[in-house]
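Report on the structure given below.
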């Protein structure tokens with residue numbers, strides 16, 4: 001297979017950071033995108049590795065411009081990996097509109113914007129792959145991760161429906177419903193905000209269950225988040241390239 005050109009969102013940490021390294025190691029080219037990506041990954045730039053500042057929560061017009069800019073870097077794109085994401089713990093009762101909106105903007109609507117911007121280019125090209133980093137919580141939700149699970153379930157459904165629409169046009173779509181990984185997924189987007197599990201419920205009735213769940217994740221993360229981001233990166237490349245699986 002000829003080298004593929006990838007656009008990866010959320011590539012500055014976690015699965016995304018591991019994936020862009022694997023892509024280049026396999027002989028493909030990658031446009032690593034994200035917030036502050038030049039600062040974090042600029043030192044890796046090469047003939048096969050480009051970076052693009054991209055916040056998927058911005059307006060569709062801005063996303064359209066950024067996707068066209070990404071397309072022009074190597075002349076086309078074969079694979080879009082919608083990987084950006086966030087997680088935070090909060091009871092459904094206490095979740096305010098800002099919390100819910102931010103969760104869905106990052107985990108769902110932002111990916112829809114980037115995908116919608118790229119589809120016309122892939123359709124004209126006649127081939128491509130659109131992939132999404134979803135989560136096993138899409139089908140096994142955990143307490144206090146209800147909104148995260150809902151956003152990922154919606155993302156998986158979007159990917160499946162999209163595949164049915166675009167497959168006749170030569171475009172494949174796939175969602176990777178990953179398990180637990182020791183990544184920075186729960187790191188707050190706003191540095192002044194608490195990170196994953198740091199802010200307990202204000203309603204005392206939820207405190208025992210919240211404490212039990214956080215204790216499992218933080219006390220022995222390896223047992224509850226056993227995934228290896230490097231192996232995940234290899235598997236994603238294998239599936240997209242239809243190699244080794």
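The values are calculated or read from the model by the stated rules, or taken from the named source; none is laboratory data. In this text the structure is predicted, and so the values were computed from the model without any measurement. Every residue, glycine among them, receives a Cβ derived from its backbone with ideal geometry; neighbour counts consider all protein chains shown.
The single condition from (1) part of a loop (DSSP other than H, G, I, E, B); (2) over 20 Å from residue 17 (Cβ atoms) that residue 84 fails is (2).
Of everything listed in (1) buried (at least 20 other Cβ atoms within 10 Å of the Cβ); (2) free of Cβ contacts under 8 Å to residues at least 60 places away in the same chain, the single unmet condition for residue 7 is (2). Taking the criterion of being free of Cβ contacts under 8 Å to residues at least 60 places away in the same chain, surrounded by fewer than 20 Cβ atoms within 10 Å (Cβ to Cβ) and closer than 26 Å to residue 236 by Cβ, the residues of region 76-107 that qualify are 104, 105. Determine, yes or no, whether residue 147 is over 21 Å from residue 32 (Cα atoms), surrounded by 14 or more Cβ atoms within 10 Å (Cβ to Cβ), within 17 Å of the chain's Cα centre (by Cα) and at pLDDT 95 or above. Yes; evaluated as a whole, the condition is true for this residue.
What do you reckon, is residue 48 buried (at least 23 other Cβ atoms within 10 Å of the Cβ), within 26 Å of residue 27 (Cα to Cα) and either touching a residue at least 60 places away in the same chain (Cβ under 8 Å) or more than 18 Å from the chain's Cα centre (by Cα) (or both)? Working first, answer last.
Details: buried (at least 23 other Cβ atoms within 10 Å of the Cβ): no; within 26 Å of residue 27 (Cα to Cα): yes; either touching a residue at least 60 places away in the same chain (Cβ under 8 Å) or more than 18 Å from the chain's Cα centre (by Cα) (or both): yes.
No: the conditions fail for residue 48.
In the set 91, 151, 134, only one residue is in contact with a helix residue (DSSP H, G or I) (Cβ under 9 Å, 6 or more places away or on another chain) and in a loop (DSSP other than H, G, I, E, B); that residue is 91. Using the structure shown, decide if residue 36 is modelled with pLDDT of 95 or more and either touching a helix residue (DSSP H, G or I) at 6+ places or on another chain (Cβ under 8 Å) or farther than 19 Å from residue 125 by Cβ (or both). In short, no.
Could you tell me whether region 23-36 includes any residue that is touching a strand residue (DSSP E or B) at 6+ places or on another chain (Cβ under 8 Å), on the phi < 0 side of the Ramachandran plot and assigned to a helix (DSSP H, G or I)? Yes, that holds for at least one residue. As a summary of the residue check, residue 39 satisfies the conditions (1) under 20 Å from residue 155 (Cβ atoms); (2) over 16 Å from the mean Cα position of the chain (by Cα); (3) assigned to a helix (DSSP H, G or I) except for the one numbered (1).
For region 117-139, the tally of residues that are free of Cβ contacts under 8 Å to residues at least 24 places away in the same chain, within 15 Å of the chain's Cα centre (by Cα) and closer than 21 Å to residue 54 by Cβ stands at 0.
Report whether or not residue 34 is under 23 Å from residue 176 (Cβ atoms) and under 13 Å from the mean Cα position of the chain (by Cα).
Working: under 23 Å from residue 176 (Cβ atoms): yes; under 13 Å from the mean Cα position of the chain (by Cα): yes.
Answer is yes for this residue.
If the condition is being more than 12 Å from residue 111 (Cα to Cα), within 20 Å of the chain's Cα centre (by Cα) and in a helix (DSSP H, G or I), then region 51-63 contributes only 62.
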